[in-house]
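The values are calculated or read from the model by the stated rules, or taken from the named source; none is laboratory data. Note that the coordinates shown come from a computational prediction; the quantities given were computed from them, not determined experimentally. All Cβ positions, even for glycine, are placed from backbone atoms using ideal geometry, and neighbour counts span all protein chains on display.
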Amino acid sequence: MKKYYLFLKDHLVQTYDLRTFIGLFILLFALLTLNYSIDLEDHYIDKLFLKSPVRTLLYFLLQGGSFLLAMLVVDRRNECFKNPLFWFFFLVCFGIYAFDRGFYGHLFLGKYFNGSIQRPLLYFISELRSLFTIFLPFLLFYIVFDRKNISHFYGLKRKNVDWKPYLVMLAIMLPFIGLFSFTDAFQDTYPMYGRIKGFRLAEYLSVPEIWIILFYEVLYGLDFLNTELFFRGALVFIFVRFFGPKAIYPIAVTYCVCHFGKPPVEAISSFFGGYILGVISLKSENIWGGVVLHAGIALIMEFFALVF
């Protein structure tokens, strides 16, 4: 744990600027207020444009726009914005992520499924989609454009992974998640499994529902690999070249924005979690610990929601 504490301390010493921190606070407050006052993501983006390419464009503007606004706060001289390479990486990264968030192609598969099992199967497919919309596109991009610039696939390397601190963090967070699980906001959102009507698939296959639950939760947990690859992998190791260690702040802001469909407390805490995991990823050049921590927190939340 001491090593990671020193990572964070060193980063804060390197990047400390009171004006920047105040600017980031004002920006986050404005973004959070906008979303939760009009229910921007859930009502307007996800509901009105569920099966429309416009949804992809809106997610590009939401995620990419929040990143650029934060960059303006962090880099007031705006030197990197004059660099065409920056805009190339920006368009590729946030284009891929917007494609993932706005993707609805799997919904058309529903007509091929029996009515009672359509919903759970579509949710299973949805959990797998990021493999094709994030992981594979970034792997191809890395091989073609970035392998000469960085020796690892955006932090996905097996060496030098210290699991113990992440397990300790999970243990520390356990009681707080337990307390949070009794709030109305938590119970309105979790368990994610509750949305899929998995009992229908269990009945159709004549198997105990626990197997459907376990299968879904495994897929749900694995999906965080793609989340970490984007936010703690590609964004960190690409944009640190343009902004140095200060790049962690706008990445944490856009990570907060991707939680706008979750309870406000979770969205706010995601900024600080995104900052911590971003610094650790940058310093250790490894995202596996973040994958375990992120998936672990999500699955613990699922456990509390399912059991209590």
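A compact table of results
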| quantity | calculated |
| --- | --- |
| Tyr166 under 21 Å from Val292 (Cα atoms) and hydroxyl-bearing (Ser, Thr, Tyr) | yes |
| Every residue from segment 74-89 that is without any contact (Cβ under 8 Å) to a residue 60 or more places away in the chain and either polar (S, T, N, Q) or surrounded by 12 or more Cβ atoms within 10 Å (Cβ to Cβ) (or both) | Arg76, Asn78, Phe81, Trp87 |
| Test: residue in segment 92-110 that is modelled with pLDDT of 90 or more and over 16 Å from the mean Cα position of the chain (by Cα) | yes |
| Failed condition for Trp163, given (1) among the aromatic types (Phe, Trp, Tyr); (2) surrounded by fewer than 18 Cβ atoms within 10 Å (Cβ to Cβ); (3) in contact with a Phe, Trp or Tyr (Cβ under 8 Å, 6 or more places away or on another chain); (4) under 18 Å from Leu299 (Cβ atoms) | (3) |
| Residue count for segment 130-158, restricted to those that are within 19 Å of the chain's Cα centre (by Cα), of a type outside the set (Phe, Trp, Tyr) and not in a helix (DSSP H, G or I) | 2 |
| Long-range neighbours under 8 Å by Cβ, at least six apart or interchain, first residue touching a residue at least 60 places away in the same chain (Cβ under 8 Å) and under 17 Å from Ser116 (Cβ atoms) within segment 199-217, second surrounded by 15 or more Cβ atoms within 10 Å (Cβ to Cβ) and among the acidic types (Asp, Glu) | Tyr216/Glu127 |
| Residues of segment 146-176 satisfying the condition of being touching a residue at least 24 places away in the same chain (Cβ under 8 Å), farther than 17 Å from Phe224 by Cβ and among the hydrophobic types (A, V, I, L, M, F, W, C) | Ile150, Val168, Leu174 |
| Any pair with Cβ under 9 angstrom, 6 or more apart, that starts in segment 108-122 at a residue that is surrounded by fewer than 17 Cβ atoms within 10 Å (Cβ to Cβ) and ends at one that is in a helix (DSSP H, G or I) and of a type in the set (Phe, Trp, Tyr) | Asn114/Tyr204; Ser116/Tyr204 |
| Only listed residue being assigned to a helix (DSSP H, G or I), among the hydrophobic types (A, V, I, L, M, F, W, C), more than 30 Å from Phe89 (Cβ to Cβ) and modelled with pLDDT of 90 or more, chosen from Val218, Val236 | Val218 |
| Condition broken by His11, with the remaining ones in (1) surrounded by 18 or more Cβ atoms within 10 Å (Cβ to Cβ); (2) closer than 15 Å to Val257 by Cα; (3) over 19 Å from the mean Cα position of the chain (by Cα); (4) of a type outside the set (A, V, I, L, M) satisfied | (2) |
| Positions within segment 177-190 being in a helix (DSSP H, G or I), touching a residue at least 12 places away in the same chain (Cβ under 8 Å) and not β-branched (Val, Ile, Thr), in sequence order | Gly178, Phe180, Ala185, Phe186, Gln187, Asp188 |
| Residue list for segment 34-59, filter: outside any helix (DSSP H, G or I), over 22 Å from Pro263 (Cβ atoms) and not hydrophobic (A, V, I, L, M, F, W, C) | Lys51, Ser52 |
| Failed item, numbered, when His259 is tested on (1) in contact (Cβ under 8 Å) with a residue 24 or more places away in the chain; (2) under 30 Å from Asp10 (Cβ atoms); (3) not in a helix (DSSP H, G or I); (4) not aromatic (Phe, Trp, Tyr) | (1) |
| Test: Tyr193 is assigned to a helix (DSSP H, G or I), more than 12 Å from the chain's Cα centre (by Cα) and modelled with pLDDT of 95 or more | no |
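One line per residue, one yes/no per condition, for (1) under 22 Å from Leu121 (Cα atoms); (2) surrounded by fewer than 16 Cβ atoms within 10 Å (Cβ to Cβ); (3) not aliphatic (A, V, I, L, M):
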residue	(1), (2), (3)
Ala185	no, yes, no
Gly194	yes, yes, yes
Ala202	yes, no, no
Val207	yes, yes, no
Leu214	yes, yes, no
Val218	yes, yes, no
Gly221	yes, no, yes
Leu225	yes, no, no
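Conditions (1) under 25 Å from Met71 (Cα atoms); (2) part of a loop (DSSP other than H, G, I, E, B); (3) at pLDDT below 90, marked per residue:
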position	(1), (2), (3)
Arg241	yes, no, no
Ala252	yes, no, no
Glu266	yes, no, yes
Phe272	yes, no, no
Tyr275	yes, no, no
Val291	no, no, no
Phe304	no, no, yes
